[in-house]
Amino acid sequence: MSGIYIHIPYCHKACNYCNFHFSTSMKDINKMIDSICLELEKKKHYLNNPIVETVYFGGGTPSLLNTDQLSSIFQSIQAHYTLSKTAEITLEANPEDISSNSLASWKAFGINRLSIGVQSFQDHYLKWMNRNHTSAESLNSIVLAKEYGFDNISIDLIYGLPNLDATAWRKEINTAIGLNITHVSTYCLTIEEKTALGNLVEKGLIDLNNEETIEQHMLILMEAMKDAGYEQYEISNFCKPTFESKHNSSYWKRTPYIGIGPGAHSYNGETRQYNISSNPLYIKYLNTPSFGSVYTVESLSEDDQYNEYILTRLRTKWGIKQEEIALFKSVNLLKINQLLDSFCQNGFIVKENDIYKLTTKGKLLADEITLRLMV
Ligand SMILES: C[S@@+](CC[C@H](N)C(=O)[O-])C[C@H]1O[C@@H](n2cnc3c(N)ncnc32)[C@H](O)[C@@H]1O
């Protein structure tokens, strides 16, 4: 299975917490689309498996692309890759871009999964985040997307927001559950440098939630989603049976993929390629080959590959396996086994049919456990 990730580096507005790569100036957007198409062509031999099973438009805000821009990208994919008939094609969409016209056009392109940036159902939080939509717009956009035949819908929700108490968080989750969608991705608010929120925190102007409250939010989330029939197939991701994100699951299973666009990464099992995170330089490098390469390459040592395996797999329902750990020859198996045994004895990890998985208690301390198992 192979996948293509396409990064659309533009947003209508900057959210106060976000340090992903994007620009709010769209003056060169058509040059960007041409460059993305050129990169798709240049990378056509990167994947050993020619059949593409997943395409993911991420951002930034890919839903702001117009029909011509999307059409150019799809033509380029069709020209240079073999798209499986059952491919999962996801578009990250913001509520303000979802309309009858946009939905009809996305459907016509074969987009069959929407990941909608809801973040919160409370208008005062949306305002605080500098979002470009209200809660009512989010709710209406989901109803409309369903009417247009989108039956695989995910939403993003953020918890750990300042002053978000247990009752309000429970209400957010219940609203999400009430929408009867197939997938929910949750994010704990992280404070990133060089963001509006980061600056406020640095000046001491924001009261952040403490670790205890965050743990309480996670416990409420895990319990409510389970009761509503969602499977926690990755620590932050919940789905109705069979509705795992195929694209994101392939990252966690370390399947090769191509990343297109500024700031995107590609992975072929042995190396990672990192595209430059600057819109003007990305366009310049791609269109002027003598200028140099648009990406840098990192070779992954056996230790790097083992660390990535632990980092990605331990967070998932697929867990980690002794026989897979043993494939990383540089790893001290005895030491890892001792650590795993002690995590099992202390109730952080459980061993089921040769697979080590985090327990609920372990999920609350996933980052620490992962670090201990890494080399
Ligand atoms: C890069 S965003 C793009 C999605 C979409 N354009 C939007 O605005 O909703 C992907 C997701 O990352 C999450 N995210 C980004 N920065 C975050 C932060 N500092 N803390 C928590 N979640 C964050 C948000 O939930 C967001 O939906």
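Observations on the structure shown:
- Sequence-ordered 3J(HN,Hα) estimates for the range 273-280 from the Karplus curve with 6.51, -1.76 and 1.60 and θ = phi - 60° stand at 10, 10, 6, 4, 9, 8, 4, x Hz, glycine and proline given as x.
- Evaluating 6.51 cos²θ - 1.76 cosθ + 1.60 at θ = phi - 60° for every residue in the range 174-184, the Karplus couplings come out as 5, 5, 4, 4, x, 6, 6, 9, 8, 8, 9 Hz, glycine and proline recorded as x.
- Candidates Glu234, Glu215, Glu53: whichever shows maximal mean-square fluctuation once the chain is modelled as a Gaussian network with Cα springs under 10 Å: Glu215
- Surface share of carbon and sulfur [accessible, 1.4 angstrom probe, percent] for the chain: 50 percent
- Contact order normalised by residue count of the range 133-192, Cα under 8 Å, 6+ apart, percent: 47 percent
- The overall shape of the range 247-375, judged from the alpha-carbon gyration tensor, is prolate: a/c is not under 1.5, and a/b is greater than b/c.
- Fraction of antiparallel bridges per DSSP, the chain only, in percent to nearest 5: 40 percent
- Part-to-part distance (alpha-carbon centres) for the range 239-269 and the range 89-111, which is given in Å: 21 Å
- Charge context of Ser342, other residues only, Cβ under 15 angstrom, K/R +1, D/E -1: +2
- Computed with a 1.4 Å probe over protein heavy atoms only, the accessible surface of the chain comes to 46 Å² per residue.
- Estimated [θ] at 222 nm from DSSP helical runs (n ≥ 4, -39500 (n - 2.57)) normalised by residues in the chain, nearest 500: -12000 deg cm²/dmol
- Global geometry of the range 174-252, whether rounded, prolate or oblate, following the gyration tensor of its Cα atoms and the 1.5 cut on a/c: prolate
- The trypsin sites (Lys or Arg not before Pro) found in the range 111-206 that occupy coil by DSSP, while having at most 14 further C-beta atoms within 10 Å, are Lys194, Lys203.
- Between the range 277-304 and the range 117-186, the alpha-carbon centres lie 36 Å apart.
- Full-extension gain in nm, Glu270 to Phe109, via 0.36 nm per residue minus C-alpha separation: 54.7 nm
- Under-5 Å amide H pairs with Glu231, H placed in peptide plane, nonlocal only: Cys239, Lys240
- For the range 293-359: rounded, prolate or oblate by the Cα gyration tensor [a/c cutoff 1.5]: prolate
The values are calculated or read from the model by the stated rules, or taken from the named source; none is laboratory data. Not measured: the values here are computed from a predicted model. Using ideal geometry, Cβ is built from the backbone for each residue, glycine included, and neighbour counts are taken over all protein chains shown. Surface areas here come from the heavy atoms of the whole protein model, side chains and all, with no ligands, DNA or RNA. Shrake-Rupley method; radii C 1.70, N 1.55, O 1.52, S 1.80 Å.
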